1. Could you list, in sequence order, all residues of the stretch 227-246 that are crowded, with 17+ Cβ neighbours inside 10 Å, closer than 15 Å to L195 by Cα and hydrophobic (A, V, I, L, M, F, W, C)?
2. So, V90, is that one buried (at least 17 other Cβ atoms within 10 Å of the Cβ) and either free of Cβ contacts under 8 Å to residues at least 40 places away in the same chain or closer than 15 Å to I63 by Cα (or both) or not?
3. Which of the residues belonging to the stretch 23-51 are part of a loop (DSSP other than H, G, I, E, B) and either surrounded by 15 or more Cβ atoms within 10 Å (Cβ to Cβ) or among the charged types (D, E, K, R) (or both)?
4. Within the bounds of the stretch 110-122, is there any residue that is in contact (Cβ under 8 Å) with a residue 24 or more places away in the chain and either open to solvent by less than 20 Å² (accessible area, probe 1.4 Å) or closer than 30 Å to P223 by Cα (or both)?
5. Among the numbered criteria (1) surrounded by 13 or more Cβ atoms within 10 Å (Cβ to Cβ); (2) modelled with pLDDT of 95 or more; (3) more than 20 Å from F7 (Cβ to Cβ), which one does L103 miss?
6. Just the residues that are under 15 Å from A89 (Cβ atoms), open to solvent by less than 40 Å² (accessible area, probe 1.4 Å) and aromatic (F, W, Y), please, taken from the stretch 52-72.
7. Looking only at the stretch 246-276, filter to residues that are touching a residue at least 40 places away in the same chain (Cβ under 8 Å) and over 21 Å from the mean Cα position of the chain (by Cα); which one of those is farthest from A297 (Cα to Cα)?
8. Scan the stretch 204-229 for residues that are closer than 15 Å to L188 by Cα and either modelled with pLDDT under 95 or out of contact with any strand residue (DSSP E or B) (no Cβ under 9 Å at 6 or more places or on another chain) (or both) and jot them down.
Amino acid sequence: EQNNMAFELDFIAYGRKKAETMRPGTGIGYRIALNALVRYIGTETLDISRINARFLTGFERFIEAEPVLTHSKKGVMHQLHKTKKGGRAVSSYLACVRHIHNLAKQEFNDEELGVIRIPQSPFKTYKVKQPPKVKKRAISPDILQQIIDLGDEPRRAGSISDFTRRDLARDCFLLSFGLAGMNAADLLSCPAQSLDGDVIIYNRQKTASRREDEAEMHIRIEPQIAPLVEKFKDPTGARLFRFHLHYRDGNTFNGALNQGLKRIDDALRAIRDADQRQNDATGEDRPLPEHITFYAARHSWATIARSAALKIDKYTVHEALNHVDADMKITDRYIDRDWSVIWQANAKVLGLLDWSELKKREENRK
């Protein structure tokens, strides 16, 4: 600036640097968005001055038209025969670009001193599209019951460390449901603790950075789910659960869960087809979800809690799911959380199902 040189900032390099400072799950999303931006411009560098409303509109069209890309286990990229149009990619990628652009302006501009190194404000003209509404992912209580009753797959040995991916997915899905929608990331990272009063205390990773209380959660271990908590307890004492001994990070853990859930889909369809054959195809056709996602455990807990059978109030469900809600922030400052309300709600939800097969399965394993 002293030599009258124009200010330059490589937006891609700056964005990657900022992504490194974010939570792992959040940083991955930003890196994916930046990789798409690199594919759009065809180079690894992009001066921030090039980003204007026309540039962003072109990037949006590129995202919508680009085929969905996936990577094999060996890291080879493949194209799938579908596009991102109508999905979350447009809103997600452009929101990442907007956030990085805002961070750069905050860091390099000083309005009080009249130092404006980045004068462009493209997002005043270009508006990021709202993400599409999330599809309802809850599954019905009868499907939940079938997952509870689903027996073990054949395994090489009887040790816990030899669980198959289908059994892993079944047990973790039920753990999540039984712990009021605990995420897979939190099952993996949950810190070691004494479990005083059979209560698990953890901070929900997804919202910890956006809440004053760091999304702290206290959830009581109900008798129905206690066998699974005991089954997966970390023998090293490094964390509460042993999943980190088998999976190096959240991506590999989620990958194993997703593969196991697909096998659960197959098992449930086989059960349905067998029931229909036994009833000579005269029985009622029970529809199955297209695919059971891990998040369905969380959605199902909330749906059952709010159902006519239980009528648990919305605020209790909101508290149990540990959501971020701007309308509740001020109110929450004045209210001490009564964890027992959430525990009672969870006990009612779990009480609607029959957990005897799970109990029998774990007793036989011992």
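1. L228, V229, F232, L240, F241
2. On the way: buried (at least 17 other Cβ atoms within 10 Å of the Cβ): yes; either free of Cβ contacts under 8 Å to residues at least 40 places away in the same chain or closer than 15 Å to I63 by Cα (or both): yes.
Yes.
3. Restricting attention to the stretch 23-51, the residues satisfying the condition of being part of a loop (DSSP other than H, G, I, E, B) are 23, 42-46, 51.
Answer for the stretch 23-51, where residues must be part of a loop (DSSP other than H, G, I, E, B) and either surrounded by 15 or more Cβ atoms within 10 Å (Cβ to Cβ) or among the charged types (D, E, K, R) (or both): R23, E44, L46, I51.
4. So in the stretch 110-122, the residues in contact (Cβ under 8 Å) with a residue 24 or more places away in the chain come out as 117-118, 120, 122.
Next, only the ones that are either open to solvent by less than 20 Å² (accessible area, probe 1.4 Å) or closer than 30 Å to P223 by Cα (or both) stay: 118, 122.
Among the residues of the stretch 110-122, at least one is in contact (Cβ under 8 Å) with a residue 24 or more places away in the chain and either open to solvent by less than 20 Å² (accessible area, probe 1.4 Å) or closer than 30 Å to P223 by Cα (or both), which makes the answer yes.
5. Result: L103 fails condition (3) only.
6. Within the stretch 52-72, just F59 meets the criteria.
7. I271
8. R204, Q205, K206, L228
The values are calculated or read from the model by the stated rules, or taken from the named source; none is laboratory data. Note that the structure is predicted; figures quoted are calculated from it, not measured. Using ideal geometry, Cβ is built from the backbone for each residue, glycine included, and neighbour counts are taken over all protein chains shown. Ligands, DNA and RNA are stripped out before the accessible areas are found, and what is left, the full protein with its side chains, is counted by its heavy atoms. Shrake-Rupley method; radii C 1.70, N 1.55, O 1.52, S 1.80 Å.
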